[in-house]
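The values are calculated or read from the model by the stated rules, or taken from the named source; none is laboratory data. Nothing here was measured: the structure is a model prediction, and the numbers come from that model. Reconstructed Cβ throughout: ideal geometry from the backbone, glycine too, with neighbour counts over all protein chains shown. Remember, those area values only see protein heavy atoms, side chains included, never the ligands or the DNA or RNA. Shrake-Rupley method; radii C 1.70, N 1.55, O 1.52, S 1.80 Å.
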Protein chains: 2
Amino acid sequence: MTEQATRTYSPRERMVFSAAQLIRRDGVGATGMRDVAAHAEAPRGSLQHYFPGGKDQLVGEAVAWAGRYAARRVSRYLAALPADERRPSRLFAALVAQWTDECLATDFTLGCPVAAVTVDCADASDTTRTATAQAFACWREPLAAGLAELGVPRPRSAALATLMVSSLEGALLIARAERDIHALTTVSDELGPLLDAAVT
Amino acid sequence: MTEQATRTYSPRERMVFSAAQLIRRDGVGATGMRDVAAHAEAPRGSLQHYFPGGKDQLVGEAVAWAGRYAARRVSRYLAALPADERRPSRLFAALVAQWTDECLATDFTLGCPVAAVTVDCADASDTTRTATAQAFACWREPLAAGLAELGVPRPRSAALATLMVSSLEGALLIARAERDIHALTTVSDELGPLLDAAVT
DNA sequence: TTGCGACTATGACAGTTGTCATAATAATGG
DNA sequence: CCATTATTATGACAACTGTCATAGTCGCAA
């Protein structure tokens, strides 16, 4: 979420990226298309060219991008786990730490774009709602696979993956409201033993 | 959240109530003040009279109302627990069931107003952000007290309360995106044993 | 060159938004 | 009854919003 997207990325990609960035900070309603173009340093006229579906399409692609990004990050953290820390609790702690660091670095200005779109569009636009559902699935799937790889039996690993995503998402919400990391660390600490106890 | 607010409630109360209702369905940005007045069947001119602070004040009061409501509900569920089910897992299950029923009854059109305001206003308006923080605290406090009453030692009960709120809030988000109860029930089932194991 | 496609520029559109100024009405206490 | 306040009514304001129509520019192939 933090890599520079000024060059080597096409204007189209930058607009999707910027949309996700602005949405997770201000919400969908407060994010105008003109703002997106400006933030992406992309020409305004390209909006209707690349996104003929209008704002719905742009928001949908932003959410899809965020989902793929989150999935990639899970795989990366799983692969980067030290040999003596290959436990579910460590994977979860790494995920939480990522959000914690981002919260502190950005002074709690950024949330989760998928959560924002869910809250703002779940009842209005069905296409974007579907996009959020797929984004959550996209996030949960590699998590469940990772837990299985760490020794959690298969049907259970999926359930624990949804528990991880749920508590992480909720804790992020609370952290942003309180401008305090406490909820995130609490969730990580409390859930750790439960996760490790699920390995056979 | 479902009681009829047509009579015996002042126009002012109805507007706050309607604001919370509309916000948790459409988000803050998509909820206009004219919509709130119309939904509350209140005169439009009363808006600037009762809420001279503008939309910020109205949103803030709606969130505060939602926080108090949630707190009241926790106490009620705690008191209503059958004598042979006075365990933390049952309290949590009751809370989750409440949201589950509401999701099914309203076809997943309604979310949590506090979450919506957090996502939409955390970075924009600091007064409403503070309101969301207080609402979360308002919700967590009686939960921690309830856990303590059920036998969870004091410092731990607060941590488990934030874990409960976090996972519930996140699961509600996922449920709304997927239009499926599954995340809510999963969270309830998986967290139950952990909660009961904390009683001394 | 010519032509054709991809991309961009620009301005206008109708519909909102929140907010305010102003005035009329209802209620209440003297 | 009057006077004072609480509430409501109404219209207008400027500032947006997303979307569209139209024309423009660029690069590239024939």
Kindly report the accessible area of the protein assembly as shown per residue (heavy atoms of protein chains, probe 1.4 Å, no ligands, DNA or RNA), in Å². 41 Å²
Rounded to a whole number of µm²/s, how large is the Stokes-Einstein D of the range B:10-60 at 4 °C and 1.567 mPa s, given Rh as the Kirkwood radius over C-alpha pairs? 124 µm²/s
Here the range B:81-89 yields Karplus 3J(HN,Hα) values (6.51, -1.76, 1.60; θ = phi - 60°; whole Hz; Gly and Pro given as x) of 5, x, 4, 8, 10, 7, 10, x, 4
Provide an ascending nm list, one decimal, of label-point separations from residue A:197 to the equivalent residue in each further copy; define each label point as 7 Å from Cα along Cα→Cβ. 0.1
The Kirkwood hydrodynamic radius of chain B, taken as the inverse of the mean 1/r over all distinct Cα pairs, in Å, comes to 17.6 Å
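Based on the inverse mean of 1/r over its pairs of different Cα atoms, what is the Kirkwood hydrodynamic radius of the protein assembly as shown, in Å?
Computed over Cα pairs of the protein assembly as shown, the Kirkwood hydrodynamic radius comes out at 21.6 Å.
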Please work out which residue of chain B brings its Cβ closest to the axis of the rotation superposing B onto A, and round that distance to whole Å. B:29, 1
For the range A:16-32, what does the Karplus curve 6.51 cos²θ - 1.76 cosθ + 1.60, with θ = phi - 60°, yield as ³J(HN,Hα) per residue in whole Hz, taken in order and with x for Gly and Pro? 4, 4, 5, 4, 4, 4, 6, 5, 6, 9, 10, x, 6, x, 8, 9, x
Residues with beta-carbon under 10 Å from that of residue B:124, excluding residue B:124: net charge, scoring Lys, Arg +1 and Asp, Glu -1? -3
Counting only Cα, what are the radius of gyration and maximum Cα-Cα distance Dmax of the range A:158-200, in Å? 11.3, 38
Ordered shortest first, which distances in nm separate the 7 Å Cα→C-beta label point of residue A:54 from those of the other copies? 2.8
Sorted by accessible area (1.4 Å probe), largest first, how do B:174, B:181 line up? B:181, B:174
How many nanometers, to one decimal and shortest first, lie between the label point of residue A:137 and those of its other copies, if labels sit 7 Å from Cα toward Cβ? 4.1
Exposed-loop-free span, longest in chain B, where GluC sites (Glu not before Pro) count as exposed if DSSP calls them loop and at most 15 other C-beta atoms lie within 10 Å: B:42-200
Phi angles of the range B:66-71, converted by Karplus (6.51 cos²θ - 1.76 cosθ + 1.60, θ = phi - 60°) into ³J(HN,Hα) in whole Hz with x for Gly and Pro, give 4, x, 5, 4, 4, 4
Are there any trypsin sites (Lys or Arg not before Pro) in the range B:8-58 that are in a DSSP loop and have at most 14 other Cβ atoms within 10 Å? List them by number. B:44
